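Just below is one structure, and these are the notes that go with it.
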Amino acid sequence: MGRAYQNRKESMAKTAGQKTRLYSRYGKELYVCAKNGGFDPEGNLALRQMISKAKKDQVPAHVIERAIEKARGGGGEDYESARYEGFGPGGCMVIADCLTDNGKRTFTQVRQAFVKNHAKLGGPGTAGHMFDHQAVFVFAGDDEDAILEILMMAEVDVTDVELEDGMISVYAPHTEFFKVKTALNAELPADTDYVMEEITFVPQTMTKITDAEEVEQFQQFYAALEDCDDVQNIYHNAELPSDA
C-alpha cells in the first residue's frame, strides 16, 4: 500500500491563520463526537481518540474543553457530513470530507476550489472507489511479523503490515480501529509514539505528477481546499516530487 501517511499533507499550523483553521476543525469534530456519543471520553471511544489526536496536533486544552462544553449545553450548530470527490491537476483523484451547518455554502466553496484550480468536481463515487477506507497505524519498529502475530492473536482482521525504513505500517478495515489500537497498546512499550493512528482513505494506486506546472497547480488547488472552513480532511493519490 505504500506510505500512506507520507502522501497526505498535514497542516503544520505555522501561522496564526492556519492555527485558527486547525482549532476550528478540531472544535467541530470534538463537538460532533461529544454530541453523538456522550461527553465522557471514558465511555466515548470516538471522543477519546479525537482528544488524543487534537493534543498531538498541539490544540490547546481550552479549545478542546470549550467544544465539549458546547455540546453538553445542547444548543449550537447541527453539523452534517458532506463528501465531495473529483479529479485534481495532473489527473489525480481527490476526496474532500466536510462538516457543515450550511450545505449550500460548503458546496459553493468546494466547487470554486475545483473550478479555479484546474480540477474537476465529480459526483458521489467518482474517486471513492479508488481508495480503501482503512484504519492506519504507523510507528517505529523492525519486526513486522511480530506485529502481525500480535494482531492475529487478538483476532484483528488485518489487511496488511509493512516494514519500510524502520517504520511499521498496519492497515485494517476502518471498523477494526479500536481493536487494533487495543491490541497494539497491550503489547507495545507504553512510550510508543504513533506517527499516524487514524481512520483514513488509502489510495489503491498513486498518480505521479512530475510536470512543474501541474505540481504548482496541485499545490494551489490543495491550498484552496484547505482554506475552505468546512473542509475537515483532504485525501488524494497524487505523488509529487520529493522537493515539491
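The values are calculated or read from the model by the stated rules, or taken from the named source; none is laboratory data. Computed from a prediction, not measured in an experiment: that's the story for all the values here. Note: ideal-geometry Cβ built from the backbone for every residue, glycine included; neighbour counts use all protein chains shown. Remember, those area values only see protein heavy atoms, side chains included, never the ligands or the DNA or RNA. Shrake-Rupley method; radii C 1.70, N 1.55, O 1.52, S 1.80 Å.
Taking the charge dipole of region 110-189 about its Cα centre, with +1 at Lys and Arg Cβ atoms and -1 at Asp and Glu Cβ atoms, the residue from Gly128, Ala146, Gln112 reaching farthest to the positive side is Gln112. Label separation (Arg66 vs Lys53): 2.1 nm, computed from points 7 Å beyond Cα along the C-beta direction. At the residue level, Thr210 shows approximately 110 square angstrom of accessible surface with a 1.4 angstrom probe and all protein chains present. Taking Ala190, Ala223, Ala82 as the candidate residues, the one with maximal mean-square fluctuation in a Gaussian network model of the chain, Cα springs under 10 Å, is Ala190. Only protein heavy atoms count here; under a 1.4 Å probe, Ser24 has an accessible surface of about 50 Å². When Ser169, Ser242 are compared by accessible area at a 1.4 angstrom probe, the order from most to least is Ser242, Ser169.
Largest first, how would Asp57, Asp142 line up by accessible area (1.4 Å probe)? Walk me through the intermediate numbers first.
Working: Asp57 60, Asp142 130 Å².
Descending accessible area places them as Asp142, Asp57.
Charging the Cβ of each Asp and Glu at -1 and of each Lys and Arg at +1, and nothing else, the dipole of region 67-150 about its Cα centre rounds to 980 debye. The residue list Phe177, Pro203, Leu30 was ranked by how far each Cα lies along the charge dipole of the chain toward its positive end, using unit charges on Cβ atoms, and Leu30 comes out on top. Between Asp160 and Gln204, the distance separating the two model label sites (each 7 Å from Cα on the Cα→Cβ line) works out to 1.2 nm. Annotation for region 109-187: trypsin sites (Lys or Arg not before Pro) lying in DSSP loop with at most 12 further Cβ atoms inside 10 Å of their Cβ are Lys116. Using Cβ point charges alone (K and R +1, D and E -1), the dipole size of region 130-244 about the Cα centre works out to roughly 340 debye.
So how do Arg105, Arg72 rank on accessible area, 1.4 Å probe, biggest first, that is with the largest at the start? Don't skip to the answer; put the middle values down first.
Details: Arg105 85, Arg72 120 Å².
Most to least solvent-accessible, the answer reads Arg72, Arg105.
Pairs of alpha-carbon atoms within less than 8 angstrom and 6+ residues apart define the contacts here; what relative contact order does the chain have, in percent? Don't skip to the answer; put the middle values down first.
Details: 385 pairs, mean separation 55.8, N = 244.
It comes to 23 percent, rounded to a whole number.
Among the listed values (1) 1.02; (2) 1.17; (3) 0.97, the one matching Rg/Rh (Cα atoms, Kirkwood Rh) as calculated from this structure is (3). With the whole protein complex present, Tyr79 retains an accessible surface near 50 Å², based on a 1.4 Å probe.
Under the convention that each Lys and Arg Cβ holds +1 and each Asp and Glu Cβ holds -1, the size of the dipole of the chain around its Cα centre is about 1420 debye. For region 64-160, what % of the accessible area comes from carbon and sulfur atoms, probe 1.4 Å? Carbon-and-sulfur percentage of accessible area, whole number: 49.
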